[in-house]
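**Q** Okay, handing you the structure first.
The values are calculated or read from the model by the stated rules, or taken from the named source; none is laboratory data. Everything numeric here is computed off the predicted structure, so don't read it as measured data. Note that we place each Cβ from the backbone using ideal geometry, even for glycine, and neighbour counts take in every protein chain shown. Only protein heavy atoms, including side chains, enter the accessible area calculation; ligands, DNA and RNA are left aside. Shrake-Rupley method; radii C 1.70, N 1.55, O 1.52, S 1.80 Å.
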Amino acid sequence: MEKVISSWATNCSSKTLWQGLWRQLAIAQLLLCPDHRFSSLKLPSKGPEMAYDHMSEEEIDFRLKQITPDDELDIFRGWSATRKRKYFEDLMVPLPRPSEVLDLDSHKRKALNLKKDAVVDVTDSCIFDVTYLEDIHEAYIEAITHFQAWQLAGTDKIYTFGTEKSVFVTRSRGTFVFWIRHKTDDLGMVIDGQTGWAAGFLTRVVNSNGSYTYGTALQFKRPEIENKKKSSEDNVYIMSKQLVVLPVEGNYSKSVCDMDLDPSCLQQAVALLRRLNAKSRFTWAHQKACDVLILFIPEAAKNRAILQHTFDAMTSVNYARRIPACLGPTVVKFDKTCQSANSCLDGHGYTIVKGSPIRNLCQCINIHPFIKRKRSFATRFFLLDSQDKYLKGRNKAKVSPRKRWETVDDWSERQRERELRNGTLFDDDRHSGPSNFKGPAASFPSSPSEGKEWYNH
């Protein structure tokens, strides 16, 4: 390490020597600590110019190669010199040690702009109207903000990093219905609170008197590994007598970077899927509709970088945009990234996810406002036509006393598993999209061309 620092120092002016020396120590720390634990090394504050302006493009490339395995160097293929420099700079920024928030309700009230003694509660649904494309960008952000607020309201773990950064884990329980409306057609995306993933869709028609006529419920096929009891009902999330299981698992049919971000596709998706029933043939057009809705809604809600691009597509609907190739892995590797983040928050260090540009916890929380919780249990969402099954299971449920060898956390998790096994019942007052949450003011993301993060260059 001394040799590296010495050779570098001889090529540096005295003006930048002291600052560069500290940053070289940070590089050495990354090299010697591949698990990227929290750094106690305090870097000097940056001036108005970029902290690495003195380094050539070749030097930046060399440093990135030093801290990147050979089989992952393709990550940087096609990147501009400015993006590499900004990315390298982000890697060098230390993150303060995490502090778990103890007074959750107080923190939530402040974040959700609620009064001091208000009950922390966010309705389990919202309506995003895509009927008029020229007016949808504000409604889109309000709906995304509503879903994020719902996740925050139900979390049981929040971490802060100094006074400027924070992250929370997904809800411990609950199901959200994100309604997308086009004229009189409503399509409700069913999103599991624990995982943040879409389980399927509800369909309904808005009648002239404002009432609803509900139709087919659509559920993505679930992985076989989840079906341990070999019973079709055990592998169902949405419980309904009008359920249709789709022949796809809710994964993307192609790279998200090859998808056109065209808001008119949202209208087409609602029209197509709302009319899908047991007699319909599931086509490539239906698959494309699912891809678009998943990217624009749950994916954008949990990924600030993706939200920049989906929102930007709605501010100018005259031409389609696409997600940059560098952001594709932040979408498809979300689960593994969350596993690494949770491990790091537990003090075990951040394990780099192969193929992802997110290389440490700081980069993770800069992109993801919340991460998937460590443990998720099987649960179900009962529609009103299956209410009898829900009530039958509810009546059988009993509170299990804490065993002598159990910790409080273990007993609490066991109780949560039991409650989730009973499922959630659709509630007209909470799941039909009665009104959008009036909490924190909608924060509009910057345009990708005006953003200051590494993925904006």
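**Q** Step through the residues of the stretch 114-128 one at a time and calculate ³J(HN,Hα) from phi using the Karplus curve (6.51 cos²θ - 1.76 cosθ + 1.60, θ = phi - 60°), rounding each to whole Hz and writing x for Gly and Pro.
**A** Those phi angles translate into 9, 5, 3, 9, 5, 6, 7, 8, 10, 4, 7, 6, 8, 10, 10 Hz.
**Q** Report the extension gain between THR315 and LYS65 in nm, rounded to one decimal, defined as 0.36 nm multiplied by the number of residues separating them, less their alpha carbon distance.
**A** 86.2 nm
**Q** Kindly state, to the nearest 0.05, the FRET efficiency for ASP388 paired with ASP103, given R0 = 45 Å and r defined as their beta-carbon distance.
**A** So the FRET efficiency works out to roughly 0.65.
**Q** Let me ask something additional. At a 1.4 Å probe, what is the % contribution of carbon and sulfur to the accessible area of the stretch 230-308?
**A** That fraction is 48 percent.
**Q** Another one. Semi-axes of the equivalent ellipsoid of the stretch 62-134: what are they in whole Å, largest first, if each equals the square root of 5 times a C-alpha gyration tensor eigenvalue?
**A** Sorted largest first and rounded, they come to 41, 24, 11 Å.
**Q** A follow-up question, please. Tally up the carbon and sulfur contribution to the accessible surface of the stretch 115-162 as a whole percent, 1.4 Å probe, everything protein left in place.
**A** Carbon and sulfur: 48 percent of the exposed surface of the stretch 115-162.
**Q** Charges at C-beta only: +1 for Lys and Arg, -1 for Asp and Glu. How large is the resulting dipole of the stretch 116-229 about its Cα centre, in Debye rounded to 20?
**A** 600
**Q** Can you list the residues, at least 5 places off or on another chain, whose amide H is less than 5 Å from the amide H of LEU243, using H built in the peptide plane?
**A** Amide H neighbours of LEU243: ALA217.
**Q** Any idea how far apart ARG281 and ASN207 come out in nm if each label point goes 7 Å out from Cα toward Cβ?
**A** About 3.5 nm, to one decimal.
**Q** Follow-up question, since we're still on this one. Going highest first, how would you order 172-182, 94-104 by mean Cβ packing within 10 Å?
**A** Those peptides, ordered most packed to least, come out 172-182, 94-104.
**Q** Apply the Karplus curve 6.51 cos²θ - 1.76 cosθ + 1.60, θ = phi - 60°, to the phi angles in the stretch 376-386 and return the couplings in whole Hz, x for Gly and Pro.
**A** 10, 10, 4, 8, 9, 10, 8, 7, 5, 6, 10
**Q** Let me ask something additional. Ordered by residue, what ³J(HN,Hα) values in Hz, to whole numbers, does the stretch 287-304 give under the Karplus form 6.51 cos²θ - 1.76 cosθ + 1.60, where θ = phi - 60° and Gly and Pro are x?
**A** Going residue by residue, I get 4, 4, 4, 5, 4, 4, 5, 5, 5, 6, 10, x, 5, 5, 5, 10, 9, 4 Hz, with x marking Gly and Pro.
**Q** Where does the charge balance sit around TYR455 when Lys and Arg score +1, Asp and Glu -1, over other residues with C-beta under 12 Å from its C-beta?
**A** Cβ neighbours under 12 Å give a net charge of +3.
**Q** Then there's this: Quick one: go through the stretch 55-72 and flag any residue whose amide nitrogen is under 20 Å from the point 7 Å out along the Cα-to-Cβ line of THR351.
**A** Of the residues in the stretch 55-72, 68-72 have backbone N under 20 Å from the label point off THR351.
**Q** Please tell me which of these pairs span more than 22 angstrom C-alpha to C-alpha: LYS116/LYS372; LYS165/LYS302; LYS157/LYS372; LYS108/LYS157; LYS288/LYS336?
**A** In this structure, LYS116/LYS372; LYS288/LYS336 lie more than 22 Å apart at Cα.
**Q** According to a simple spin-label model (label point 7 Å from Cα along Cα-to-Cβ), what is the distance in nm between GLU164 and ALA378?
**A** The modelled label-to-label distance comes out at 4.6 nm.
**Q** Report the label-to-label distance for ASP410 and LYS254 in nanometres (one decimal), using points 7 Å from each Cα along the Cα→Cβ vector.
**A** Between ASP410 and LYS254, the label points sit 5.1 nm apart.
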